[in-house]
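Reading through the structure tokens given below for one structure.
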Amino acid sequence: FPLDITFKSTNPFGWPQIVLSVYGPDFFGHDVVRGYGAVHVPFTPGRHRRTIAMFVPESTSRLQQFISWFTGRRPEFTDPRVVAQGEGREVTRVRSQGFVTISFNIM
């Protein structure tokens with residue numbers, strides 16, 4: 001869907017990102033997270049395509065995995081900013097979950 005946004009900055013550090021949180025039903029019909037991903041918004045005019053690698057957090061033990069599967073409460077991030085930031089992510093166990101492609105038309 002189209003977004004109409006205007007940005008002005010003197011420093012491109014930390015340029016705006018789009019953070020995706022994809023949800024869908026599981027085997028029992030519970031709405032669970034299917035993937036997280038983030039991409040920087042391009043700042044040059046034109047059409048840009050970006051492919052975002054999606055990932056989901058995983059439980060650290062087999063018991064936690066079984067309990068989360070049985071109860072329908074899978075691990076998920078409480079704050080979406082965790083996806084956009086790099087710090088602290090190296091200690092989070094995640095599993096790759098596919099790709100999403102986004103097209104940007106920058107004017």
Just to be sure I understand, how many residues within segment 25-81 are free of Cβ contacts under 8 Å to residues at least 40 places away in the same chain, of a type in the set (S, T, N, Q) and surrounded by fewer than 13 Cβ atoms within 10 Å (Cβ to Cβ)?
5
Subset of segment 46-73 (residues that are aromatic (F, W, Y) and either within 22 Å of S21 (Cα to Cα) or modelled with pLDDT of 80 or more (or both)):
F55, F66, W69
So, in segment 38-80, how many residues would count as being at positive phi and either in a strand (DSSP E or B) or among the hydrophobic types (A, V, I, L, M, F, W, C) (or both)?
1
Out of the residues in segment 83-107 that are open to solvent by less than 50 Å² (accessible area, probe 1.4 Å) and over 27 Å from R47 (Cα atoms), state the one that is modelled with the lowest pLDDT.
G88
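The values are calculated or read from the model by the stated rules, or taken from the named source; none is laboratory data. What you see is a predicted model; the values in this text were computed from it and never measured. Neighbour counts run over all protein chains shown; Cβ positions are idealised from the backbone, glycine included. Each accessible area value is taken on the protein alone, full model and side chains, heavy atoms only, with ligands, DNA and RNA left out. Shrake-Rupley method; radii C 1.70, N 1.55, O 1.52, S 1.80 Å.
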